[in-house]
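Shown next, in structure tokens, is the structure this report addresses.
The values are calculated or read from the model by the stated rules, or taken from the named source; none is laboratory data. Everything numeric in this text was worked out from a predicted model, so none of it was measured. A quick note on method: Cβ atoms are made from the backbone with ideal geometry, for glycine too, and the neighbour counts reach across all protein chains shown. SASA here: full protein model, heavy atoms, side chains in, ligands and nucleic acids out. Shrake-Rupley method; radii C 1.70, N 1.55, O 1.52, S 1.80 Å.
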Amino acid sequence: MFDRLKETIESVAESSTEQKNITVKVIGDRASGKTTYMAALARFPESTASNGIVQDIKALNDDGRELVSKAKNLLEQGLEFEPTRLEASADDNKDYQLTIALRGLSQFNRNTDVATRLNVTFRDYAGEFFSDLIHRDRDPKLTDYIEDCRQADGLMFLLDGSAQRKDAEYAQGVDKLLRLLSESGSIRQIKRIALVLTKCEQPDLWIKHEKPQKLAQKRFKNVCAKLSAWQATTGVSLEYFTASAFGVMGSPFQEANAVQLSRKRSGVTSIIKDKDRWKPFGLISPTYWIATGQRSRTLDEA
Ligand SMILES: Nc1nc2c(ncn2[C@@H]2O[C@H](COP(=O)(O)OP(=O)(O)OP(=O)(O)O)[C@@H](O)[C@H]2O)c(=O)[nH]1
Ligand SMILES: [Mg+2]
């Protein structure tokens, strides 16, 4: 009797789960934090998942599983990822397939059932793709990558939040990317572009991380202007996010859970400081928005 009731409850829960299958291409300069961002997402720490919204995140393919094990060996041991290699063809890049199970996002619906399941394929391009966009022309490799971008449901554009001195240069890259994307008429299925400022556990970014649009417009005025102008003409939606693969620790005085290794015009390189207090933020929100069109303030902090 009890088993049958349990089965019925489970099947109702499963049928009420909203499933979304999307592909996302992740673009940004060298060392903007793309691979680390996806690794932190793939190896989402339980301390963060226990806030009740994220039920689980699992890898669905070999690239995804490899990323999870690299995250264990590198990220949590205080090591950096190797720079991603620029492949000859866009299809040769790693595709991390992850499934993200979320419980009800409304506080009245935060029960144990999975309310949303996002099945996401993230393609990790090397930062060199973005720098080549700025500096090269008529490269067949670029044409192939642009065509690949067109096949995505959404783009995630990652900017190191501390690389504001590269705003003008990045604006050129964004301008070129957007022009090439719309060149042959349609932009196909791209519906949304998420602009994500990374490494926002750093004190000067952390204090403003709850106002991502304001922060992005202040630091990357030219990039934001290009994106908004394009949004107005194409109807593709644009949204701003802040994130950190490492997070902050301590209360009430929070400090960055990161040790800085270098600081340049193009931003910082760092490693995690205390893996036992690892609490990244802003990792799921951009993907959720790309998949559903809904912005979740709760997920912004997860
Ligand atoms: N402080 C801080 N550093 C980060 C964060 N995410 C990544 N990093 C550091 O930024 C540097 C570059 O990270 P990657 O993930 O390799 O960057 P990438 O964009 O994949 O770089 P390419 O593969 O060369 O294009 C490394 O030193 C990372 O540890 C973060 O959230 N905070
Ligand atoms: Mg990389």
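What value, in deg cm²/dmol to 500, does the helix sum -39500 (n - 2.57) over DSSP H runs of n ≥ 4 give at 222 nm once divided by the residues of the chain?
On the way: 12 runs with 114 residues, N = 302.
So the helix-based figure for the chain works out to -11000 deg cm²/dmol.
Compared with the dominant principal axis of the Cα atoms in the chain, helix 140-150 is inclined by about 40°.
Amide H contacts under 5 Å for V54: R103, restricted to partners 5 or more places along the chain or on a different chain, H placed in the peptide plane at 1.01 Å from N. Per residue, the accessible area of the chain comes to 48 Å² when a 1.4 Å probe rolls over the protein heavy atoms.
Database remark: amide H of G28 closer than 5 angstrom to the amide H of F130, L158 (H placed geometrically; neighbours at sequence offset of 5 or more, or on other chains; Pro and chain starts carry no H).
Model label points for E255 and Q217, set 7 angstrom from Cα along the Cα-to-Cβ axis, are 3.5 nm apart. Listed by chain and number, the lysines whose alpha-carbon sits under 18 Å from that of K275, ignoring those within fewer than 8 places in the same chain, are K70, K72, K199.
What percentage of the solvent-accessible surface of the chain, computed with a 1.4 Å probe over protein heavy atoms, is contributed by carbon and sulfur atoms?
On the way: 6860 of 14480 Å².
Answer for the chain: carbon and sulfur cover 47 percent of the accessible area.
Peptides 209-217, 232-240, 33-41, ordered by how many other C-beta atoms sit within 10 Å of their residues on average, highest first, read 33-41, 209-217, 232-240. On a C-alpha basis, how far is the centre of region 192-258 from the centre of region 130-160 in Å? Whole number, if you could? Result: 21 Å between the Cα centres. The angle between the Cα long axis of helix 2-15 and the main principal axis of the chain comes to about 20°, on a 0 to 90 degree scale. Ordering N73, A90, A115 by the projection of their Cα atoms onto the charge dipole of region 54-171, which places +1 on the Cβ of Lys and Arg and -1 on the Cβ of Asp and Glu, puts A115 at the extreme positive end. Cross-link reach is defined here as a Cα-Cα straight distance under 23 Å, omitting same-chain residues fewer than 8 places apart; for K20 the lysines meeting it are K34, K58, K94, K191. Shape descriptor for the chain: Rg over Rh equals 0.97 (Cα atoms; Rh from the Kirkwood inverse mean 1/r). Taking the DSSP bridge list for the chain and keeping only pairs wholly inside it, about 45 percent are antiparallel.
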